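Read the structure below first, then the notes.
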Amino acid sequence: MKMKFWSRPTFLIIIIYLITIQRVNSSPPSLSVPEHFLRCLDTQPSDHGSPNSITAVIPTNSSFSTNLMNGVRNLRFASASTRKPEAIVAAVTETHIRATISCCKLLNLELRIRSGGHDYEGFSYTSPVPFVILDMYNFNKIDINMKDETVWIQSGASLGQLYYNIASKSKVHAFPAGVCPKVGAGGHFSGGGFGNLMRKYGLSIDHIIDAQIMDANGKVYRNRQAMGEDVFWAIRGGGGGSYGVILAWKIKLVRVPEKVTVFKLERTVREGAVDLVHKWQEVAPVIDRDLFIRLEIKPINRKISKGKTIKVSFIGMFLGLPERLLNITKESFPELHLTKSDCMVKKWIDSTVFWANYPEKAPIEILNKRVSTNEYYWKRTSDFVQTPISKQGLAKIFQTMIDHSPLPRRVWMQWNAWGGKMGEIASDATPFVHRGGNIFMIEHFMNWYRPGDELEEKFLAIARSFKEAMAPFVSKNPREAFFNYRDVDIGITTPGYNATYEGAKVYGDSYFKGNYLRLVKIKARFDRTNFFRSQQGIPVLA
């Protein structure tokens with residue numbers, strides 16, 4: 001019988017792995033898990049002899065709480081009862097990421113990857129089992145090449161930084177992505193990335209042309225050819241965090257006019273909001289694709305009589321000047337009564353400040369701000385509407401909102417018009433399946449501003465009750481949901497390492513429908529041990 005020998009590189013990897021285990025296991029038994037983790041980091045290869053642990057903080061460090069809270073966007077997950085990470089690694093180089101992955105494997109710790117911290121259920125910085133946060137904050141380089149209109153953006157950079165840097169190079173280029181400037185590119189792009197340019201240009205993922213990713217073995221794939229087209233497909237809408245650590249994206253910029261037009265009109269029920277919203281459903285998905293109109297629907301106190309009513313804001317983004325916009329609305333949506341005085345003409349970069357709800361005269365440098373100081377408690381979810389809602393249905397929804405709002409602005413919604421480019425891209429072109437056939441997407445909001453378990457349960461119950469009341473009006477079998485608006489109420493697998501194809505199917509179908517099985521098969525090839533996992537991650541088949 002012929003004996004089979006390991007290749008020299010494989011043999012060396014095994015030797016290094018065994019030496020590392022021996023070093024970690026030889027640590028004093030009195031060390032805590034965080035201390036073991038720090039010691040493990042320094043047994044790993046490092047940059048120029050600098051210890052890897054210099055990038056990490058553990059709960060006994062005075063800066064630990066600040067490092068944790070800088071990336072917590074939902075105070076529900078900052079309570080004393082929320083499990084805290086064993087360590088936070090603010091990686092500066094790929095070596096630090098590789099060492100973090102290796103030590104998590106050796107010490108049986110889950111890894112959470114945080115780029116901006118906007119995960120709706122806190123999955124990027126919480127876990128039900130011992131875990132470590134890999135904070136990508138320092139991976140924020142943005143390299144723009146105007147000759148071929150492309151950008152390499154690292155996953156820790158924010159959308160605001162991207163927009164600011166684009167504007168510093170060109171007045172007629174933009175990128176289709178979200179309106180919240182503090183959101184990190186890593187998670188935003190890997191979940192789809194939608195914003196007010198999507199009717200014209202589609203989603204962020206429709207303009208990602210390359211990427212770099214590190215796998216569970218610390219191997220870096222520098223381009224889509226190296227990782228394979230199946231993995232490149234999966235990380236553009238299927239959640240990059242289920243496959244590896246996204247290091248950077250290469251994106252293709254789009255063209256916009258030097259001047260764009262924005263507007264915001266408000267109408268109450270007394271002022272015809274029901275009729276206007278009914279007409280909006282008919283018009284917004286088919287109107288000129290240079291125009292995007294979002295609705296914000298909120299309960300408010302009546303100004304004259306007692307009680308509450310509903311106020312609907314029509315917020316518009318138009319790629320052009322008011323004259324052409326007014327011609328379009330007069331022809332297709334005259335009931336809106338949009339006038340020139342309602343229109344604000346801005347550079348595209350200034351329109352991003354408007355859409356972020358910053359003060360009117362705020363400088364564009366505000367887009368570079370990445371850390372928030374006024375976070376609160378919230379629950380947000382999503383729905384897709386595929387059949388227009390009748391006027392009677394709208395009236396019922398408005399009344400239900402009022403009934404579920406003990407104080408103004410408790411339950412409210414954003415309705416985002418689909419159509420245009422969104423209807424031209426196949427549902428399996430990327431994992432983001434919610435393309436043609438959808439009229440608009442709903443984002444449900446429930447905000448509150450004081451801590452307390454009882455208060456949280458009260459407001460979560462209100463949010464769930466209202467969403468259940470919306471069931472007759474939204475997609476069915478499955479009730480579709482947007483992956484980047486995660487919702488544990490759809491279903492979870494806890495802990496993540498126990499996830500199975502059938503167990504995860506309940507949320508896999510809602511987020512990805514027919515694309516779910518393909519995502520699972522790719523996961524089984526690229527991350528066979530399910531190292532990159534969470535309560536709503538993509539599982540392996542077995």
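The values are calculated or read from the model by the stated rules, or taken from the named source; none is laboratory data. From a predicted model like this one, the values you see are computed outputs, not experimental measurements. Reconstructed Cβ throughout: ideal geometry from the backbone, glycine too, with neighbour counts over all protein chains shown. Only protein heavy atoms, including side chains, enter the accessible area calculation; ligands, DNA and RNA are left aside. Shrake-Rupley method; radii C 1.70, N 1.55, O 1.52, S 1.80 Å.
State, to one decimal in nm, how far the label point of Gln386 lies from the label point of Arg528, with both points 7 Å from Cα in the Cβ direction.
3.8 nm
Give the accessible surface of the chain per residue, rounded to a whole number of Å², with probe radius 1.4 Å and ligands, DNA and RNA excluded.
Value for the chain: 43 Å² per residue.
From a point 7 Å beyond the Cα of Glu282 in the direction of its Cβ, which residues of the stretch 373-393 have a backbone N at a distance under 17 Å?
Within reach of a label on Glu282, which here means backbone N under 17 Å from a point 7 Å along Cα→Cβ, the stretch 373-393 contributes 387-393.
Grab the other residues whose beta carbon is less than 11 angstrom from that of Val269, score K and R as +1, D and E as -1, and report the net.
+3
Within 10 Å, count the other beta carbons around each residue, average over each peptide in 310-318, 179-187, and list them highest first.
Descending mean neighbour count gives 179-187, 310-318.
Over the alpha-carbon set of the chain, work out the extent along each principal axis and list the three values in angstrom, largest first.
That gives 81, 57, 50 Å along the principal axes, largest extent first.
For Lys396, go through the aspartates and glutamates and keep the ones whose alpha-carbon is under 15 Å away, minus same-chain ones fewer than eight residues off.
Asp275, Glu468
List the cysteines of the chain that have no other Cys Cβ closer than 4.7 Å: which are they?
Cys104, Cys180, Cys343
Rank Val129, Ser102, Phe526 by how far each Cα sits towards the positive end of the charge dipole of the chain (+1 on Lys, Arg Cβ; -1 on Asp, Glu Cβ) and give me just the farthest.
Towards the positive end, the residue furthest out is Phe526.
Which value in nm describes the separation of the simple spin-label points at Lys303 and Lys340, placed 7 Å from the Cα toward the beta carbon?
Distance between the two pseudo-spin positions: 2.6 nm.
Treating the angle as unsigned and between 0 and 90°, give the value, to the nearest 10°, between the Cα long axis of helix 391-403 and the longest Cα principal axis of the chain.
The angle comes out at about 60 degrees.
Among the aspartates and glutamates, select those whose C-alpha is under 15 Å from the C-alpha of Lys298, and discard any that sit fewer than 8 residues away in the same chain.
Glu266, Glu271, Asp403, Glu443
Rounded to a whole number of µm²/s, how large is the Stokes-Einstein D of the stretch 415-480 at 25 °C and 0.890 mPa s, given Rh as the Kirkwood radius over C-alpha pairs? Could you put the intermediate results ahead of the total?
Values: Rh = 14.4 Å.
The Stokes-Einstein estimate is 171 µm²/s.
For the pair Asp428/Ala542, report the inter-label distance in nm, with labels modelled 7 Å from Cα in the Cβ direction.
Inter-label distance under the simple model: 2.5 nm.
Magnitude of the Cβ-charge dipole of the stretch 18-176, K/R +1 and D/E -1, about the Cα centre, nearest 20 debye? Before the final figure, lay out the partial values.
Numbers: 14 positive and 12 negative charges, 40 e Å.
With only Lys, Arg, Asp and Glu charged at Cβ, the dipole is about 180 debye.
Near Lys421, which lysines are there with a Cα under 18 Å away, not counting those fewer than 8 places off in the same chain?
Output for Lys421: Lys200, Lys252.
Which whole-number percentage describes the relative contact order of the chain, with Cα contacts under 8 Å and a sequence gap of 6 or more?
14 percent
Using alpha-carbon positions, what is the distance between the centroids of the stretch 186-217 and the stretch 327-379, in Å?
A separation of 23 Å, based on Cα centres.
If the limit is 23 Å between Cα atoms, which of Lys169/Lys346; Lys279/Lys513; Lys264/Lys306; Lys182/Lys250; Lys308/Lys467; Lys308/Lys346 go over it?
The answer is Lys279/Lys513; Lys264/Lys306; Lys308/Lys346.
Using a Förster distance of 41 Å, how high is the FRET efficiency between Ser63 and Arg270, based on the Cβ-Cβ distance and rounded to 0.05?
So the FRET efficiency works out to roughly 0.15.
Measure off, as a whole percent, the carbon and sulfur share of the 1.4 Å-probe accessible area of the chain, all protein chains present.
53 percent
For an R0 of 45 angstrom, estimate the FRET efficiency from the Cβ-Cβ distance between Ser168 and Asn327 and round to the nearest 0.05.
For R0 = 45 Å, the calculated efficiency reads 0.85.
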